[in-house]
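Asks: Below is the structure I would like to discuss, written out as structure tokens.
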Amino acid sequence: MAVYDGAAFVAEAIASVLAQTHRHLELIVVDDGSTDDTVAVVRSHAARDPRIRLLCRPHQGHAQTLNAGIAAAQGSFIARIDHDDLWHPQRLERQLNWMERHGIDICGAWARRFGAASGTIRFARGHEAIRYETLFTCPILDSATLFRGAVLRDNPYPPDAIVRQELVQCVRLLPHYRFANLPRVLCDYRFHDRQKTGRFRPLIAYRHAQLCQQHFARMFPDATVAEQATFAAITGAGSAPLDRSGIEAAVRLFTDRLCPPDREARLRMRRRWRYLWAKGIRNEDRDIEVYQRVFRAFRQRA
């Protein structure tokens, strides 16, 4: 757990870790130079449970704080939790069993929003669907993901990963490791007004688009310049609605590149096409025959 000025929520997060049905764990809390009562709160819990280790560092940023925790971890598996999120009691037990049964290197899970938002985040389940979903969004939640320890030790977070650390790791690790998401809600993901998501929205959107386009280039190294430009147009931060030529280019991109044989991945891309049509195409340029052309290609691929 990396934490900076998290006194308002950190006690709840700690309690959710210590309540795990998988009891053989250590909780490493790395304080990134907090200026509030975070350290005092953590120390009070550590005095009551020897499984808690507190590391205090000067303020250096989230990625380097995470890496300090990874370097200190002794377990064969490493889980992450943000100081404002909560784990369900069987989170670690269920994911450990799932990873051992299916040979998974990185295992996420579904999450429930709470606080200033609600609803369930149902991430893609299989590796291939996760690969395709990463073209448009982050397919895991750090607070719901369990890594084999060697994966993070060999691939620490880049120091310049100021935002979107989860997506940075997905883009880097997907070509080399097996991903999955357990289709069960195992984490509560808190939304509140102090989150980086709200405070750094323009930077996050810009970095998100960069990473998605980087992932596209890695997945399709033979993509043409035109295909790369079309993908950038539909994923760029603040993307403008597509004109008629842009729509035709998007249709070709989905039918040629984004129509995978894997069933779950294909269903996810169908949803992306539906979302793009609703949000990224002007009403006056919508043509139902063009819209259905992608779905016909997807049916033929099934």
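The values are calculated or read from the model by the stated rules, or taken from the named source; none is laboratory data. For clarity, every value in this text was computed on a predicted model and none was experimentally measured. Neighbour counts run over all protein chains shown; Cβ positions are idealised from the backbone, glycine included.
Asks: Condition first: surrounded by 20 or more Cβ atoms within 10 Å (Cβ to Cβ) and touching a strand residue (DSSP E or B) at 6+ places or on another chain (Cβ under 9 Å). Now tell me which residues in segment 247-265 satisfy that.
Replies: ILE247, ALA250
Asks: Still on this model: Of the residues that make up segment 224-244, is at least one touching an Asp or Glu at 6+ places or on another chain (Cβ under 8 Å), part of a helix (DSSP H, G or I) and aliphatic (A, V, I, L, M)?
Replies: Looking for residues that are touching an Asp or Glu at 6+ places or on another chain (Cβ under 8 Å), part of a helix (DSSP H, G or I) and aliphatic (A, V, I, L, M), one finds none in segment 224-244, hence no.
Asks: Follow-up question, since we're still on this one. If a residue has to be under 26 Å from PRO221 (Cα atoms), hydrophobic (A, V, I, L, M, F, W, C) and surrounded by fewer than 19 Cβ atoms within 10 Å (Cβ to Cβ) to count, how many in segment 278-296 make the cut?
Replies: 1
Asks: List the number of the failed condition for ALA217; all other conditions in (1) at pLDDT 90 or above; (2) more than 30 Å from ILE14 (Cα to Cα); (3) aliphatic (A, V, I, L, M); (4) not in a helix (DSSP H, G or I) hold.
Replies: ALA217 satisfies every listed condition except (4).
Asks: Yes or no: segment 21-41 includes at least one residue that is of a type in the set (Val, Ile, Thr) and free of Cβ contacts under 8 Å to residues at least 24 places away in the same chain.
Replies: Among the residues of segment 21-41, at least one is of a type in the set (Val, Ile, Thr) and free of Cβ contacts under 8 Å to residues at least 24 places away in the same chain, which makes the answer yes.
Asks: A follow-up question, please. Does LEU66 meet the test of being in contact with a Pro (Cβ under 9 Å, 6 or more places away or on another chain), assigned to a helix (DSSP H, G or I) and buried (at least 18 other Cβ atoms within 10 Å of the Cβ)? Break it down stepwise before answering.
Replies: Values: in contact with a Pro (Cβ under 9 Å, 6 or more places away or on another chain): yes; assigned to a helix (DSSP H, G or I): yes; buried (at least 18 other Cβ atoms within 10 Å of the Cβ): yes.
So LEU66 passes the test.
Asks: Quick check on my filter: what residues within segment 57-86 are more than 16 Å from the chain's Cα centre (by Cα), among the small types (Gly, Ala, Ser) and at pLDDT 95 or above?
Replies: Selection gives ALA68, GLY69, ALA71, ALA72, ALA73, SER76.
Asks: Of all residues being in contact with an Asp or Glu (Cβ under 7 Å, 6 or more places away or on another chain) and among the β-branched types (Val, Ile, Thr) in segment 135-174, which is surrounded by the fewest Cβ atoms within 10 Å (Cβ to Cβ)? Just the residue, please.
Replies: VAL151
Asks: In segment 77-90, how many residues are among the β-branched types (Val, Ile, Thr) and outside any strand (DSSP E or B)?
Replies: 1
Asks: Going by the conditions given, is GLY6 more than 14 Å from SER143 (Cβ to Cβ) and among the small types (Gly, Ala, Ser)?
Replies: no
Asks: Give the residues of segment 110-120 that are under 20 Å from GLU12 (Cα atoms) and of a type outside the set (S, T, N, Q), sorted by residue number.
Replies: TRP110, ALA111, ARG112, ARG113, PHE114, GLY115, ALA116, ALA117, listed by residue number.
Asks: For segment 105-124, give me the residue count where each residue is more than 19 Å from TYR275 (Cβ to Cβ) and either outside the structural domain of LEU173 (by TED's automatic domain parsing) or in contact with a helix residue (DSSP H, G or I) (Cβ under 7 Å, 6 or more places away or on another chain) (or both).
Replies: Summing the residues that are more than 19 Å from TYR275 (Cβ to Cβ) and either outside the structural domain of LEU173 (by TED's automatic domain parsing) or in contact with a helix residue (DSSP H, G or I) (Cβ under 7 Å, 6 or more places away or on another chain) (or both) in segment 105-124 gives 6.
Asks: Let me ask another. Among ALA40, ALA7, ALA13, which is surrounded by fewer than 19 Cβ atoms within 10 Å (Cβ to Cβ), at pLDDT 95 or above and part of a helix (DSSP H, G or I)?
Replies: On inspection, the qualifying residue turns out to be ALA40.
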